[in-house]
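The structure under discussion appears below in the form of structure tokens.
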Amino acid sequence: MDVTPLSPKIGVEIAGIDLSQPLDEATFAEIRRLLNEHSLIAIRGQNLSEAEHVAFARRFGQLQIHVLKQFLTTPYPELYVLSNKREAGKPIGNHKEGWNWHSDLSYLEVPCLGSVLYAREVPPVGADTLFSSMEAAWEALDAETKAKIRPLKCVHSYSGYYAKAFADRTPLTEEQRAATPDVVHPLVRTHPETGRLSLYVGEDVVKEVVGLEPEESAALLARLNRHATSDEFSHRHVWRQGDVIIWDNRCTMHKATPYDDVAYTRVMHRATICGTERPF
Ligand code: OGA
Ligand code: MN
């Protein structure tokens with residue numbers, strides 16, 4: 001296994017492993033260690049069946065089944081499809097998902113630990129994914145800001161995100177809304193395995209800071225989001241078909257970028273690893 005850094009603050013690439021084969025305990029433990037240490041892992045040139053993708057992701061923990069069941073279009077409900085492609089007149093995946101800074105399923109009481117995203121079909125240009133280290137972002141804040149925001153909490157809202165991101169679609173059903181009530185999480189989060197602190201912010205899903213006036217809340221979130229996503233804490237992944245990216249949702253954010261969705265198709269499969277505790 002060959003490990004090289006992707007950027008100063010976040011990510012490593014691992015070469016020399018084949019995820020279609022069952023990994024031995026020691027190799028998998030090393031992947032877990034690298035994920036805790038670097039928050040993001042890229043493994044390129046993979047050729048995975050849906051079953052192999054699910055089996056690899058399952059090593060990290062239980063897998064989340066997404067509430068948007070219409071995008072679970074493979075035989076494996078653990079795979080959430082992101083795509084602009086249509087088959088038999090229907091979208092096979094959620095298009096324009098994650099086109100804002102976020103961490104996956106932060107709107108759950110127990111948000112997801114991590115995600116394993118596999119590129120099946122990618123456009124030749126565009127559709128890069130940006131990742132940022134919220135640990136590095138926290139570290140770089142001045143002492144006064146750290147002290148001020150440390151006790152704060154935020155409301156995370158899936159229905160709020162959905163209404164903003166997908167305003168042109170039919171709204172969430174009663175059942176989907178009931179499955180995703182708003183939740184409150186700390187603005188500064190402790191990584192349960194490393195003990196490191198990180199900002200826990202995001203655009204759109206993170207609706208407001210509890211206890212602040214609306215303008216003050218919006219200004220603080222805008223400032224922290226801008227800070228957390230600056231180039232110095234970020235990595236831009238330029239996809240090739242066969243890439244697998246694993247990220248830690250407990251200490252990173254990510255964001256999709258646009259592409260020419262008329263000329264090209266993009267098909268991404270995501271397995272999402274359930275979290276094990278409420279953020280603290
Ligand atoms: C995701 C996501 C970004 C992208 O899979 O969770 O936000 O570029 N993806 O597809
Ligand atoms: Mn995402």
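The values are calculated or read from the model by the stated rules, or taken from the named source; none is laboratory data. Worth saying up front: this structure is predicted, and the values here are computed from it rather than measured. Reconstructed Cβ throughout: ideal geometry from the backbone, glycine too, with neighbour counts over all protein chains shown. SASA here: full protein model, heavy atoms, side chains in, ligands and nucleic acids out. Shrake-Rupley method; radii C 1.70, N 1.55, O 1.52, S 1.80 Å.
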message = For the structure I just gave you, tell me whether Arg189 is buried (at least 20 other Cβ atoms within 10 Å of the Cβ) and either in a strand (DSSP E or B) or among the small types (Gly, Ala, Ser) (or both).
response = yes
task = Can you run down the residue pairs with Cβ atoms below 8 Å, 6 or more apart or on separate chains, where the first is in segment 79-94 and closer than 10 Å to His269 by Cα and modelled with pLDDT of 95 or more and the partner is of a type in the set (Phe, Trp, Tyr) and surrounded by fewer than 22 Cβ atoms within 10 Å (Cβ to Cβ)?
result = Tyr80/Phe71; Val81/Phe71; Leu82/Phe71; Gly93/Phe71
Looking only at segment 61-94, and only at residues there that are within 19 Å of Ala119 (Cβ to Cβ), among the β-branched types (Val, Ile, Thr) and part of a loop (DSSP other than H, G, I, E, B), the one that is most open to solvent (accessible area, probe 1.4 Å) = Thr73
inquiry  = I'd like the full set of residues that are more than 16 Å from ligand 2 (Cβ to nearest atom) and hydroxyl-bearing (Ser, Thr, Tyr), limited to segment 57-81.
reply    = Thr73, Thr74, Tyr76
query = Across segment 69-114, what is the number of residues that are within 24 Å of Glu193 (Cβ to Cβ) and hydrophobic (A, V, I, L, M, F, W, C)?
reply = 6
note = Among residues of segment 123-137 being within 9 Å of ligand 1 (Cβ to nearest atom) and in a loop (DSSP other than H, G, I, E, B), the residue surrounded by the fewest Cβ atoms within 10 Å (Cβ to Cβ) is Asp128
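Within 15 Å of ligand 1 (Cβ to nearest atom), surrounded by fewer than 21 Cβ atoms within 10 Å (Cβ to Cβ) and not in a strand (DSSP E or B): is that true of Glu203 in this structure? Show your work before the answer.
Working: within 15 Å of ligand 1 (Cβ to nearest atom): yes; surrounded by fewer than 21 Cβ atoms within 10 Å (Cβ to Cβ): yes; not in a strand (DSSP E or B): yes.
Considered against the rule, which asks whether it is within 15 Å of ligand 1 (Cβ to nearest atom), surrounded by fewer than 21 Cβ atoms within 10 Å (Cβ to Cβ) and not in a strand (DSSP E or B), Glu203 comes out as yes.
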ask   = How about segment 140-181: which of its residues are surrounded by 12 or more Cβ atoms within 10 Å (Cβ to Cβ), farther than 18 Å from Gly98 by Cα and in contact with a strand residue (DSSP E or B) (Cβ under 9 Å, 6 or more places away or on another chain)?
value = Leu141, Lys146, Ile149, Arg150, Leu152, Lys153, Cys154, Val155
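Mind counting the residues in segment 107-122 that are within 11 Å of ligand 1 (Cβ to nearest atom) and part of a loop (DSSP other than H, G, I, E, B)?
Here is the first cut: in segment 107-122, the ones within 11 Å of ligand 1 (Cβ to nearest atom) are 112, 114-119, 122.
Remaining after also requiring part of a loop (DSSP other than H, G, I, E, B): 112, 122.
Residues that pass the stated criteria total 2.
Among the residues of segment 166-218, write down those that are among the hydroxyl-bearing types (Ser, Thr, Tyr) and under 16 Å from Cys251 (Cα atoms). If you could, list the steps in order and put the result at the bottom.
Taking segment 166-218 first, the residues among the hydroxyl-bearing types (Ser, Thr, Tyr) are 170, 173, 180, 190, 194, 198, 200, 217.
Matches in segment 166-218: Thr190, Thr194, Ser198, Tyr200.
Could you check segment 126-145 and list, in sequence order, the residues that are out of contact with any Leu (no Cβ under 9 Å at 6 or more places or on another chain) and either of a type in the set (Phe, Trp, Tyr) or farther than 17 Å from His235 by Cα (or both)?
As a first pass, look at segment 126-145 and keep what is out of contact with any Leu (no Cβ under 9 Å at 6 or more places or on another chain): 126-128, 130, 132, 136, 140, 142-144.
The answer is Asp142, Ala143, Glu144.
Quick grid of which residues meet (1) out of contact with any Asp or Glu (no Cβ under 9 Å at 6 or more places or on another chain); (2) within 15 Å of Leu221 (Cα to Cα); (3) of a type in the set (Ser, Thr, Tyr):
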| site | (1), (2), (3) |
| --- | --- |
| Asp142 | yes, no, no |
| Val155 | no, yes, no |
| Tyr158 | no, no, yes |
| Leu172 | yes, no, no |
| Arg177 | yes, no, no |
| His185 | no, yes, no |
| Val188 | yes, yes, no |
request  = Go through segment 230-280 and tell me which strands (runs of 3 or more DSSP E), entirely inside it, have 3 or more residues that are under 25 Å from Leu63 (Cα atoms) and within 14 Å of ligand 2 (Cβ to nearest atom).
outcome  = 244-248, 252-256, 267-273
